[in-house]
Amino acid sequence: MDTDELQKSALRTRFMRETGIALLLASSILALSLFITIEPGEAIPASITVATSTAPNAFAEIPLEASAAIVYDLALGETLYAKNADVQLPLASLTKLLTVYAALTELAPHTPITIPAEATNLEGPHAFREGQIFALDDLARLTLVASLNDGAAAIAHATALRTNRSQYEALASAAAALNLSQTYAVNGHGLDMSTMVSGGYGSARDLAHLAGALVQRSPHIADATTQEYAEAISEGGTAFKVRNTSPIVATIPGLILSKTGYTDLADGNLVLVFDVGINHPIAVVVLGSSMKARFTDGTMLVAATFAHLAGVQSL
């Protein structure tokens with residue numbers, strides 16, 4: 001057994017030890033069946049199912065509307081569920097995850113970011129005026145929580161200036177550094193460029209890796225996306241309070257990142273990262289669903305993940 005396999009085995013052992021009680025409670029039906037004993041020579045009643053070595057597939061019967069999806073174990077590097085996970089699709093505002101990640105690789109969290117004139121001309125959601133200045137981490141929190149197009153445009157603009165590259169090049173560099181082979185962005189906010197061209201493209205698998213990388217690089221910004229509101233004050237003293245675009249952030253156990261996306265070309269997209277143990281993050285990505293079904297798709301995949309880890313068909 002090589003070093004990677006030994007590390008994965010150790011992680012599995014630690015995870016099962018830390019979460020065993022919770023999983024046993026969640027799988028009470030399975031646990032009850034384990035206490036049924038049959039005396040030697042006793043016939044097996046027809047109502048009792050004999051256990052086999054094949055574990056129940058908690059993901060088998062999920063009626064997803066999404067065109068593509070993935071459930072990815074970020075701790076173990078394993079795919080738990082996949083549907084067209086490597087197909088390149090429009091990202092809509094999930095592009096903002098790449099924009100913020102690219103900025104954080106080049107700029108310090110407290111770098112002042114000025115809202116440029118061109119950012120204020122974008123369609124909503126938007127919140128800022130030309131010339132307003134924010135620390136990068138504050139602007140990133142507001143932008144991701146409320147999916148603000150003007151905030152994302154300002155962050156992409158500042159990153160390009162710092163690196164002396166175009167916005168496209170700066171975003172492409174960040175994607176390449178993470179080995180996101182299906183991901184590229186035409187702009188920093190993800191708005192459709194036309195009826196045929198999206199502002200960003202990527203696969204469900206790439207987005208799972210991107211979300212995990214952002215959680216690692218800035219847990220503070222990621223945590224903001226799990227809250228109902230985000231607040232910040234500009235350098236000029238203007239206070240901002242914005243609402244989360246996701247209505248389900250309070251319903252996902254152990255949530256550590258959430259991001260929505262929707263445009264005409266992309267339809268409904270969603271990224272969730274949640275902790276199923278101690279430092280055991282799982283990423284769920286839904287692409288090409290509808291505005292409403294992205295949330296039901298996401299919550300079904302989260303529930304199936306917990307059932308899978310409990311070794312049962314459903315909870």
Inset, instruction - Just need a number here: residues in the stretch 67-78 that are in a strand (DSSP E or B), farther than 18 Å from Thr299 by Cβ and within 14 Å of the chain's Cα centre (by Cα). - result: 1
Legend entry - Residue count, the stretch 242-262 (criterion: touching an Asp or Glu at 6+ places or on another chain (Cβ under 7 Å) and buried (at least 19 other Cβ atoms within 10 Å of the Cβ)): 2
Legend entry - Close pairs (6 angstrom Cβ cut-off, 6 or more residues apart or separate chains): more than 22 Å from Ala154 (Cβ to Cβ) in the stretch 172-187, in a loop (DSSP other than H, G, I, E, B) and modelled with pLDDT of 95 or more anywhere: Gln182/Gln88; Gln182/Ser203
Inset, instruction - Inspect the stretch 57-66 for any residue being within 25 Å of Ser290 (Cα to Cα) and aromatic (Phe, Trp, Tyr) and give the result as yes or no. - result: yes
Inset, instruction - Please report, ordered by residue number, the helices (runs of 4 or more DSSP H) entirely within the stretch 204-315 with at least 1 residues that are at pLDDT below 95 and closer than 21 Å to Glu61 by Cβ. - result: 293-310
Legend entry - Filter result (polar (S, T, N, Q) and surrounded by 14 or more Cβ atoms within 10 Å (Cβ to Cβ)) within the stretch 213-237: Ser218, Thr225, Thr226, Gln227, Ser234
Inset, instruction - Considering each residue of the stretch 97-117, count those that are crowded, with 24+ Cβ neighbours inside 10 Å, in contact with a Ser or Thr (Cβ under 6 Å, 6 or more places away or on another chain) and touching a residue at least 60 places away in the same chain (Cβ under 8 Å), and give that number. - result: 1
Inset, instruction - For Arg141, state whether it is surrounded by fewer than 19 Cβ atoms within 10 Å (Cβ to Cβ), in contact with a helix residue (DSSP H, G or I) (Cβ under 7 Å, 6 or more places away or on another chain) and in a helix (DSSP H, G or I). - result: no
Legend entry - Top-ranked residue of the stretch 111-123 - restricted to ones that are within 8 Å of Asp150 (Cα to Cα) and part of a loop (DSSP other than H, G, I, E, B), ranked as farthest from the chain's Cα centre (by Cα): Ile115
Inset, instruction - Give just the number: which of (1) in contact (Cβ under 8 Å) with a residue 60 or more places away in the chain; (2) closer than 28 Å to Leu255 by Cβ; (3) in contact with an Asp or Glu (Cβ under 9 Å, 6 or more places away or on another chain) does Asp206 not satisfy? - result: (1)
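The values are calculated or read from the model by the stated rules, or taken from the named source; none is laboratory data. Every value quoted in this text rests on a predicted model; they were computed, and no experiment measured them. All Cβ positions, glycine included, derive from the backbone under ideal geometry; neighbour counts span all protein chains shown.
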